[in-house]
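The values are calculated or read from the model by the stated rules, or taken from the named source; none is laboratory data. For clarity, every value in this text was computed on a predicted model and none was experimentally measured. Neighbour counts are summed over all protein chains in view; Cβ atoms, including those assigned to glycine, are modelled from backbone coordinates with ideal geometry.
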Amino acid sequence: MEMDGVKQFRFQIDMQCRCMGCIRKIEKAMGCIGSVTGVETSVADVDTGIVAVAGKVNPTMLCHWLKRRIRKDVKIVYPDQQVQNSKQKLIMVLGSSSNAKGAHNTPSALPIQDHMSWDSVPPIVQSNHQSLPLIEQKIRELEKVRDMLKIQNLETELGAVRCELKQSREAINGSKKAVMDSALNQLEAYHKLEALSHSPYESCYPIQ
């Protein structure tokens, strides 16, 4: 999909359906578009469905890729259309090409439009190299939370296993007691029968 020379182009996504499912699907696709080979920067406005991309990538192939990801109609728009409302929800992704060569002040990482206000973009997106420590710290915090949840889950599972083991032991002990009681009852009945057979009051009937 990668091509020689940085290109700037825009896509128009069909936004007739604006349910939360469709919006999440578009946001997820924009989160993955930076991993496409050749994409350097991409900005999406989920309110208007406009996606601006810059990089060494074939627009047609990227358009087909985006269609498959979001399962919506996507068209290549020429010329570029400006995003009028700066307060609209923007999703910006720095592509793999710009990350490899440096995401700031490099000839290959050209801005999408000179007239676009990059001040409105959060600092974590503009200065990718500066945000790395924050991202790494956030990852470490999430890993700690994950480990704590794993420990809690293991403790819960261990408690459940202990409860099952206790119930099994009680059931086995109950079965043993029932077997022993039955055996004792049978032994007692046998002793009674044996005592009756040796009783001095036993009647004897002569054979005629």
Tell me yes or no: at least one residue of the range 101-111 is in a loop (DSSP other than H, G, I, E, B) and either modelled with pLDDT of 85 or more or of a type in the set (Ser, Thr, Tyr) (or both). yes
So which of THR37, THR48, THR41 ends up being touching a residue at least 60 places away in the same chain (Cβ under 8 Å), part of a loop (DSSP other than H, G, I, E, B) and assigned by TED's automatic domain parsing to the domain that holds CYS63? THR37
